[in-house]
Amino acid sequence: MIGRINIAICDDEKIHVELLKKYVHNWAKKNNIKLGIEFFHSAEAFDFSWSMDKRYHILLLDIQMPGINGIELAKRIRKSDNLLNIIFITAIPDFIGEGYDVSAINYLIKPIEEKKLYECLDKAVQKISKKEKTILIDVEGETIRIKQEDIIYIEAFSHTVDINTVSEKYATRKNIGIIENELEQNTFVRCHRSYIVGLKHIKRIGKTDIELDNGDVIPVSRRLYTNTNMAFIKYFRGEIN
């Protein structure tokens, strides 16, 4: 089983928060899971905390709340985080269809059944156990979590680093050397002092450049060519994971 699980409960009704707290603690004890749990009584409060620290693995999220409702909060989250496991809580089943847009784990209908909650939490833990490796970067004061497998290449400039992914580009001031140390070994290679490339996204390696799946071409230095080429060959032969 996985180690510590960080769970957030976001519900404006204190009686429901206390009930969920009790059920979650019972579930964690039953499964011998180390638990970190926090409570938020509005979507705005959770949004503020989550924007600065994305340590949460699971969010139990009430839909009907004053101000920003649960659906709106989930849509905000999904703009920069596809990994947080969201479990909606609602007294009105009419909202269920909207959950597909934000990849919710499931819906729990009030009053909450403890067994149903356990099933949702078990499903979330299975996803977390298989979860892709990620890195955290700061982009204009906002913390962004990026799946490592989505990173095509990383390019360093004088004051910023561009992280090019399959969906978009992120600019951060994080040092490329620090990022390199955080990346999964054997799936990335430093091909140039200013470039790190994802091995799974390489289409072709030449003596002076590398062509990537998205059509971009980046340099490979003479000094790092042999190591880059060997890493590429080993990766696609399945000699490394």
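The values are calculated or read from the model by the stated rules, or taken from the named source; none is laboratory data. Keep in mind it's a predicted model, so treat the numbers as computed, not measured. Positions of Cβ are backbone-derived with ideal geometry, glycine not excepted, and every protein chain shown enters the neighbour counts. Side chains included, ligands, DNA and RNA excluded: accessible areas come from the protein's heavy atoms. Shrake-Rupley method; radii C 1.70, N 1.55, O 1.52, S 1.80 Å.
Residue-level analysis places K79 outside the set of residues that are open to solvent by 40 Å² or more (accessible area, probe 1.4 Å) and at pLDDT 90 or above. Counted as qualifying within the range 165-241 are the strands (runs of 3 or more DSSP E) with 1 or more residues that are open to solvent by less than 90 Å² (accessible area, probe 1.4 Å) and out of contact with any helix residue (DSSP H, G or I) (no Cβ under 9 Å at 6 or more places or on another chain), namely 169-172, 209-212, 217-219.
Scanning the range 1-39 for residues that are assigned to a helix (DSSP H, G or I), surrounded by fewer than 18 Cβ atoms within 10 Å (Cβ to Cβ) and not hydrophobic (A, V, I, L, M, F, W, C) yields a total of 8.
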